[in-house]
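For reference, the structure discussed in these notes is given below.
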């Protein structure tokens with residue numbers, strides 16, 4: 001089968017598009033596929049997840065005045081602007097998460113349905129986070145001890161909390 | 001010097017056709033994305049910066065804990081020619097993105113190729129574990145272990161609220177992408193596939209064809225993976241994928257059983273016809289090869305075809321890709337030449353396998 005576009009080279013890529021249940025097929029050679037920007041498996045180009053994301057990022061409901069301001073947001077560390085981020089669909093460095101932080105909740109909500117990480121924590125930076133989680137737990141326990149008038153128990157817990165807080169500030 | 005087995009042998013751990021449920025699940029893969037806190041991501045990094053990232057990551061290879069997992073080999077992408085890169089892509093050991101676009105990119109491979117660590121791809125570090133059959137939990141355990149070793153030596157970009165920070169917002173949190181590659185001819189032939197795939201996408205998983213796009217997957221191979229990386233723990237993500245894949249396996253088994261009961265002669269005819277064509281054809285394009293190989297595999301799983309090992313099919317699936325064909329030939333081939341070589345290779349493998 002020859003390429004449907006140029007009619008000169010053999011067609012090596014076979015596409016089936018289904019749009020609203022309507023099926024169309026076309027058969028083209030590699031160079032025509034590149035020109036048309038169709039996705040060639042195993043190469044870059046064509047429609048990617050990043051194109052899709054930029055659609056989500058540009059979504060600015062009824063905030064047209066502040067939109068200009070938002071697009072001027074810039075990451076101090078790597079220099080990426082919010083407007084570049086929304087075009088590329090990718091962050092430039094770890095600091096970007098901080099720099100664009102106010103804009104990210106709605107994005108993560110849309111992509112993941114969630115905004116807070118609950119999985120694995122690196123052990124080295126994790127010890128602080130684990131201490132924080134532990135302190136929260138101890139404080140809740142202390143409050144319920146006080147409600148039950150178990151003051152000795154509450155005092156023990158208070159000392160544990162102090163000890164943990166001391167460890168954390170030492171870091 | 002690149003060890004020849006990586007770029008010349010098709011044989012790799014995930015193709016051995018072993019492992020649980022290997023009649024339906026070809027392979028299980030877990031990939032985790034990590035970044036160094038103090039460097040811009042590869043997209044923005046300067047040559048100097050990405051060089052430093054590569055140095056820092058390759059230094060971890062000397063760590064005793066990593067050596068305990070396996071011996072590893074680092075291969076800079078710059079040391080490979082186009083064909084060698086293509087072969088690693090076809091073996092699923094590196095991504096097309098790393099092969100074509102990375103600066104100071106490299107891959108760190110374990111001896112049996114179950115672990116491949118990509119450096120300076122979209123993220124600084126992508127740890128991938130690939131196992132044969134249905135072993136998604138085992139793949140996660142191994143990836144997690146490798147991650148722990150790197151974490152001991154490096155300061156990752158991590159945020160208490162957002163988790164592991166990644167270049168693409170779709171990976172943030174756990175940075176994990178878990179997937180299983182499934183062969184589902186029963187569901188395709190009985191036309192249940194689109195109903196099931198629609199259901200799968202409704203529980204936060206994505207489906208795509210392998211070596212093809214959309215619902216018409218080439219060779220009836222489908223990859224099912226998680227989409228959500230933030231707000232679920234790694235275990236929840238793996239368990240969810242495991243549970244859904246388990247159900248698809250059951251549906252596929254039931255569909256195959258029904259086909260044999262109701263359409264016995266048609267199935268026998270179909271798989272043997274494909275075996276005959278593959279054993280004798282002189283020209284074979286990749287689309288037809290994928291479909292015929294799928295038929296033969298189904299024939300083996302249903303005990304209609306005997307004497308061809310499923311391993312040969314996994315191997316051929318990879319070896320009949322353009323990069324591999326050209327690597328074997330030792331030269332660039334036109335599409336027509338590839339179709340002839342492909343047919344020849346399949347004929348030889350089948351003949352050898354049946355006489356063995």
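Just so it is clear, none of the values below were taken in a lab; they were calculated from the coordinates. This one's a predicted model, so the numbers in the text were calculated from it and none came from an experiment. Note that we place each Cβ from the backbone using ideal geometry, even for glycine, and neighbour counts take in every protein chain shown.
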* With axes computed from alpha carbons, what is the tilt in degrees of helix B:234-280 against the longest principal axis of chain B, rounded to the nearest 10 within 0 to 90? -> 30
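Defining a contact as two alpha carbons under 8 Å apart and six or more residues distant in sequence, what relative contact order in percent does the stretch B:22-156 show?
Numbers: 220 pairs, mean separation 52.5, N = 135.
The value is 39 percent.
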* Asked: Points 7 angstrom from Cα along the Cβ direction at residue B:332 and residue B:153: gap in nanometres?
  -> 3.9
* Structure fact -> Relative to chain B, whose Cα atoms define the longest principal axis, helix B:286-301 and its Cα axis are tilted in degrees, nearest 10, by 70
* To do: Quick one: grab the alpha carbon gyration tensor of chain B, order the square roots of its eigenvalues as a ≥ b ≥ c, and give me rounded if a/c is under 1.5, else prolate or oblate depending on whether a/b is larger than b/c.
  => oblate
* **Whole-Å distance, taken between Cα centres, linking the stretch B:288-332 and the stretch B:36-103** => 30
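Using the Kirkwood radius built from alpha carbon pairs, what does the Stokes-Einstein equation give as D for the stretch B:21-70 at 25 °C and 0.890 mPa s, in µm² per second? Please list the in-between numbers first.
On the way: Rh = 13.9 Å.
Value of D from the Cα-based Kirkwood radius: 177 µm²/s.
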* Quick one: length gained pulling residue B:67 to residue B:145 fully straight, 0.36 nm per residue minus the C-alpha distance? -> 26.9 nm
* Förster radius 60 Å - calculated FRET efficiency between residue B:74 and residue B:268, Cβ distance, rounded to 0.05 -> 0.75
* Could the peptides B:49-57, A:103-111, B:164-172 be put in order, highest first, of the mean number of other beta-carbon atoms found within 10 Å of their residues? -> B:164-172, B:49-57, A:103-111
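Expressed as a fraction of 2.2 N^0.38 Å, the rule-of-thumb size for a compact globular protein of N residues, what is the C-alpha radius of gyration of the stretch B:1-157? Numbers along the way, then the final one.
Working: Rg = 15.1 Å, N = 157, 2.2 N^0.38 = 15.0 Å.
Working it through for the stretch B:1-157, the quotient is 1.01.
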* Between residue B:253 and residue A:115, what is the label-to-label distance in nm when each label sits 7 Å out along the Cα-to-Cβ direction? -> 4.4
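In deg cm²/dmol, rounded to 500, what helix-only [θ] at 222 nm does chain B give when every DSSP H run of at least 4 residues adds -39500 (n - 2.57) and the total is split over its residues?
-15500 deg cm²/dmol
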* Could you give log10 I(q)/I(0) at q = 0.12, 0.18, 0.22 Å⁻¹ for the stretch B:273-332, computed by the Debye formula over C-alpha point scatterers of equal weight, without solvent? => -0.30, -0.65, -0.90
* Asked: Is there a simple number for the mean count of other chain Cβ atoms within 10 Å of the Cβ of residues in B:140-150, and what is it?
  -> 1
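Would you order B:140, B:263 from fewest to most other beta-carbon atoms within 10 Å of each residue's own beta-carbon? Before the final figure, lay out each step's value.
Details: B:140 23, B:263 14.
Ordered from fewest to most neighbouring Cβ atoms within 10 Å, B:140, B:263 come out as B:263, B:140.
Can you give the mean number of other chain Cβ atoms that lie within 10 Å of the Cβ atoms in peptide B:34-45?
Values: counts 1, 3, 2, 4, 4, 3, 11, 8, 1, 7, 12, 3.
That works out to 5 on average.
Before anything else, pin down the relative contact order of chain B: Cα pairs under 8 Å, at least 6 apart, normalised by residue count, whole percent. Each step should come with its number before you reach the end.
Numbers: 607 pairs, mean separation 68.7, N = 356.
Here the relative contact order equals 19 percent.
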* Asked: When you look at the Cβ of every residue in A:93-101, what mean number of other chain Cβ atoms sits within 10 Å?
  -> 6
* Asked: Rounded, prolate or oblate: which fits the stretch A:126-170, taking a ≥ b ≥ c as square roots of the Cα gyration tensor eigenvalues, rounded meaning a/c under 1.5, else prolate when a/b beats b/c?
  -> oblate
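Classify the stretch B:140-292 as rounded, prolate or oblate from the Cα gyration tensor: take a ≥ b ≥ c as the square roots of its eigenvalues, call it rounded if a/c is under 1.5, otherwise prolate when a/b beats b/c and oblate if not. Each step should come with its number before you reach the end.
On the way: a/c = 2.94, a/b = 2.10, b/c = 1.39.
Prolate, since a/c reaches 1.5 and a/b exceeds b/c.
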* Asked: Quick one: length gained pulling residue A:72 to residue A:105 fully straight, 0.36 nm per residue minus the C-alpha distance?
  -> 10.0 nm
* To do: State the Cα centre-to-centre distance between the stretch A:143-171 and the stretch B:214-273 in whole Å.
  => 53
* Size of the protein assembly as shown along its principal axes in angstrom, Cα-based, largest extent first? -> 84, 53, 49
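Multiply the residue gap between residue B:291 and residue B:81 by 0.36 nm, knock off their C-alpha separation, and tell me the result in nm, one decimal place.
On the way: separation 210, 0.36 × 210 = 75.60 nm, distance 3.04 nm.
Result for the pair: 72.6 nm of gain on full extension.
Take the Cβ-Cβ distance between residue A:8 and residue B:348 as r, set R0 to 35 Å, and report the resulting FRET efficiency rounded to the nearest 0.05. Don't skip to the end; give the middle numbers.
On the way: r = 33 Å, r/R0 = 0.93.
According to the calculation, E is roughly 0.60.
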